[in-house]
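To start, the structure itself, in structure tokens.
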Amino acid sequence: MSTVTVTAADGGSFSAYVAKPSSGTPTAAVVVIQEIFGVNQVMRDLTDAYAAQGYLAICPDLFWRIEPGIDITDKTEAEWQKAFDLFGKFDVDMGVKDLIATLAHVRGMDGCNGKAGSVGYCLGGKLAYLMATRSDADANVSFYGVGLDELIGEADKITRPYLCHVAEKDGFVPPEAQATFVPVLEANSHATVHVYKGQDHAFARVGGQHYDKASADLANGRTTEFFKAHLA
């Protein structure tokens, strides 16, 4: 496992898991944004997968202000309760600032050509949206972001490519919430929205309760092509 230390904008520092591509040629970077379970095996595997696609990939520990090193699964009730507790304590605005610090850090690493995007899942999907509205990341992707309806007032700040994967039957994002943010994003020329019919939250989480291979493969394929188009 490879990790780096990132300095936060307000002082302090946090760790980030890093996976490097096999090629020695400088390439674009991807900031991989965690779910509510911390930088666990699922997130490390995703980070490795983006590196395998040729990106310098980095996954920061965003819960460090609450409890550094969170690494839990979605397999037990106790872990779910822990995850929801962390989610409740998490400061979203500070999390975005930590992601912006991570973005700056990875752009300065050997092997990065200066271009960098972000991709997030669940909580990370929300944060990827905020990276699209608040950072200068070159491209951003949200997988089933939670709470976008409450932040849709920022949508007009999206001026770089943004891809949003939405689960139609998301248990954490009801139809009325989707009706609030999906049309607004669809009206933004920099945003692309895909709604996955019949799918529940975390349909792309391998091994998860709602994992659906066909929809996951479709969303992952679209993400691959999106990054190829905008981070090349």
Most fluctuating residue given options 132, 19, 29, as computed from a GNM of the chain linking Cα atoms under 10 Å: 19
Rounded to whole Hz, the Karplus (6.51, -1.76, 1.60) HN-Hα couplings of region 18-24, x for glycine and proline: 10, 10, 10, x, 6, 6, x
Amide hydrogen neighbours beyond the local backbone of residue 115, cut-off 5 Å, H modeled: 29
Estimated FRET transfer efficiency (residue 232, residue 76; beta-carbon r; R0 41 Å; 0.05): 0.50
Unit charges on C-beta of K, R, D, E only; dipole of region 1-110, Debye: 320
For residue 163, distant residues with modelled amide H under 5 Å away: 140, 141, 142, 192
Helix-only [θ]222 nm of the chain, DSSP H runs n ≥ 4, -39500 (n - 2.57) each, per residue, nearest 500: -11500 deg cm²/dmol
Whole-number D in µm²/s for region 30-119 (Stokes-Einstein; Kirkwood sum over Cα pairs; 10 °C, 1.306 mPa s): 116
Exposure rank, largest accessible area first [195, 106; 1.4 Å]: 195, 106
Region 92-142 versus region 22-45: alpha-carbon centroid distance in Å: 11
Accessible carbon and sulfur surface of the chain relative to its total accessible area, %, 1.4 Å: 52
Per residue, in Å², the accessible surface of region 155-232 once ligands and nucleic acids are set aside, probe 1.4 Å: 50
The chain, Cα convex hull volume normalised per residue, Å³: 112
Vicinal HN-Hα couplings computed from phi for region 155-169 (Karplus, 6.51 cos²θ - 1.76 cosθ + 1.60; Hz; Gly/Pro x): 4, 6, 8, 6, 10, 10, x, 9, 10, 10, 9, 10, 8, 4, 9
Label-point separation, residue 195 to residue 23 (7 Å along Cα→Cβ), nm: 3.8
Shape of region 165-232, Cα gyration tensor, a/c cut at 1.5: oblate
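The values are calculated or read from the model by the stated rules, or taken from the named source; none is laboratory data. These numbers come from a predicted model, not from an experiment. Heads up, the Cβs are rebuilt from the backbone with ideal geometry, glycines too, and the neighbour counts pull from every protein chain shown. These area figures cover heavy atoms from the full protein model, side chains too; ligands, DNA and RNA do not enter into them. Shrake-Rupley method; radii C 1.70, N 1.55, O 1.52, S 1.80 Å.
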